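The values are calculated or read from the model by the stated rules, or taken from the named source; none is laboratory data. Just so you know, these numbers come straight off a predicted model, no measurement behind them. All Cβ positions, even for glycine, are placed from backbone atoms using ideal geometry, and neighbour counts span all protein chains on display. Heavy atoms of the whole protein, side chains included, go into the accessibility calculation; ligands, DNA and RNA do not. Shrake-Rupley method; radii C 1.70, N 1.55, O 1.52, S 1.80 Å.
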Amino acid sequence: MEVRESIWATPLRPYVRPLPQRLGVTSRGRSRRLQRVLTDFGCEHSFARAAQSVQEHYGFEIGATTVRGATLHHARRAQAQLEEEYAQPFRLLPPRGAAHVVAQADGTMICTVAPGARKGRRPRDWKEMRLVAARAKDSATTCYAATFGSVGETGRRWGHCARQAGWGLNTRVHALGDGADWIRRQSHEVFGDQGTFLCDFYHVSEYLGAAAQTCRPGQPNRWRRTQQKRLRRGAVAKVMEALEPYVEADPVADAEAPVRNGHRYLQNRLDCLDYPGALKLGLPIGSGMIESGHRHVLHARLKKAGAAWLATSADHIAHLRVLRANQQWNSFWN
């Protein structure tokens, strides 16, 4: 649309444009609807690709810098909104909630760069972003939260996710993770007596698969499957017995001692291997929910090929994508 306007002058002002004021527009301004479009494309694609999408779908050119500015502006707004929610106590639980809530947590590494002028290739630094998720058993709706913050901050957001997913005073929380100490500690601190922690079955199987080459070099896959069946029926002691004769001596480095690594991993997590109990209740024994969350919430935008972020910008975008994944997109704009 093209508009022709007249420029006026008065005794006091040599340059008067009444039309923009009457229409409520400004030079290089963007309507709320356009800002939503730019943010929509900018949080899914690279800013250059987002600018191309605007031209393809709406028929006008706009710079990648403009898309970046609009996206980061609203990403900061999304972060402020979510952090206001996280500041509230999460242990004020309703008397009745879902019977079971599945809660999972994991970390992923994001490529970041230091702020400053772009003079050549800036050094890269990989920084861990933690993602937490929760959903009621048999529900298709998952609640997410992400942060570069401390373990304690991660746990607080995990509690908010579980509460949003249906955590009540009558709920049993089924927490899952790869066995990392920070995940186990936070599951106990956040969910207390209402929660149980289970080591991800696939992660345990990786240790068994590595040990199988030493314990049964002729048939490693058959040996691994046997130990997996034992774990599923709760025969952890038999798995430990199968590993013990092949545990490497102490002088052997950990990198060359897969049996000792697997034995130690299981020995330190004997209270986190109740696979029969989870299967009996129809609860998952693998961390597919959080792995899927990594891919579509964080990796799809923050880990594109060759991408490197300012840590603050990555944090903003992560909050924007979390808000979208939590189905708060429409309320955010309305």
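With every protein chain in place and a 1.4 angstrom probe, the accessible-area ranking of Val3, Val16, Val173, largest first, reads Val3, Val16, Val173. Spatially, region 266-334 and region 1-80 are offset by 33 Å when compared through their Cα centroids. Ordering Met289, Val259, Leu279 by the projection of their Cα atoms onto the charge dipole of region 244-302, which places +1 on the Cβ of Lys and Arg and -1 on the Cβ of Asp and Glu, puts Met289 at the extreme positive end. Two-decimal Rg/Rh of region 1-100 from alpha-carbon positions, Kirkwood Rh? My calculation puts Rg/Rh at 1.23.
Here the translational diffusion coefficient of region 197-275 follows from Stokes-Einstein with Rh set to the Kirkwood radius across Cα pairs; for 20 °C and 1.002 mPa s it amounts to 172 µm²/s.
Judged by the mean number of other Cβ atoms found within 10 Å, the most tightly packed of the peptides 324-333, 255-264 leads the ranking 255-264, 324-333.
Full-extension gain between Glu84 and Ser6, please, as 0.36 nm times their residue separation minus the C-alpha to C-alpha distance. It would help to have the intermediate numbers written out before the result.
Numbers: separation 78, 0.36 × 78 = 28.08 nm, distance 4.69 nm.
Taking Glu84 through Ser6 to full extension adds about 23.4 nm, to one decimal.
Using helices alone, I'd like the mean residue ellipticity at 222 nm for the chain: each DSSP H run of four-plus residues gives -39500 (n - 2.57), total over residue count, nearest 500. Each step should come with its number before you reach the end.
Details: 14 runs with 156 residues, N = 334.
Taken over the chain, the calculation gives -14000 deg cm²/dmol.
Computed about the Cα centre, the dipole magnitude for the chain is approximately 1020 debye when only Lys and Arg (+1) and Asp and Glu (-1) carry charge, each at its Cβ.
Count the net charge of all other residues whose Cβ sits under 15 Å from the Cβ of Thr141, scoring Lys and Arg as +1 and Asp and Glu as -1.
On the way: positive: Arg135, Lys137, Arg163, Arg324; negative: Asp138.
Surrounding charge for Thr141 is +3.
Partners of Lys127 within straight-line reach, counting aspartates and glutamates whose Cα lies under 20 Å from its Cα and excluding those fewer than 8 residues away in the same chain: Asp106, Glu153, Asp178, Asp181, Glu291, Asp315. Between amide H atoms placed 1.01 Å from N, distances below 5 Å from Leu176 occur with Ala103, Gln104, Ala105, Leu198, all of them 5 or more places distant or on a separate chain.
Largest first, the three principal axis extents of the alpha carbons in region 193-239 are 45, 17, 13 Å in whole numbers. Placing unit charges on the Cβ atoms only, positive for Lys and Arg and negative for Asp and Glu, gives region 29-114 a dipole magnitude near 260 debye about its Cα centre. Of the accessible area of the chain, with the probe set at 1.4 angstrom, what percent is carbon plus sulfur? Answer for the chain is 50 percent, counting heavy atoms of protein chains only. Each residue was assigned an accessible area with a 1.4 Å probe, and for Phe60 the value is about 80 Å².
Taking one quarter of the surface of the C-alpha convex hull of the chain gives a mean projected area of 25.2 nm².
Among the protein heavy atoms, those of Tyr86 account for about 20 Å² of accessible surface (1.4 Å probe, every chain in place). Beta bridges per DSSP, both residues in the chain: antiparallel share near 60 percent. Accessible surface computed residue by residue for the chain, with neighbouring protein chains in place and a 1.4 Å probe, gives 55 Å² per residue. A Cβ-based charge dipole, computed about the Cα centre of region 157-304 with Lys and Arg at +1 and Asp and Glu at -1, lands at about 720 debye.
Would you please report the Å³ per residue occupied by the convex hull of the alpha carbon atoms in region 217-261? If you can, show how the numbers build up before the last one.
Working: hull volume 3.6 nm³, N = 45.
So the per-residue Cα hull volume is 79 Å³.
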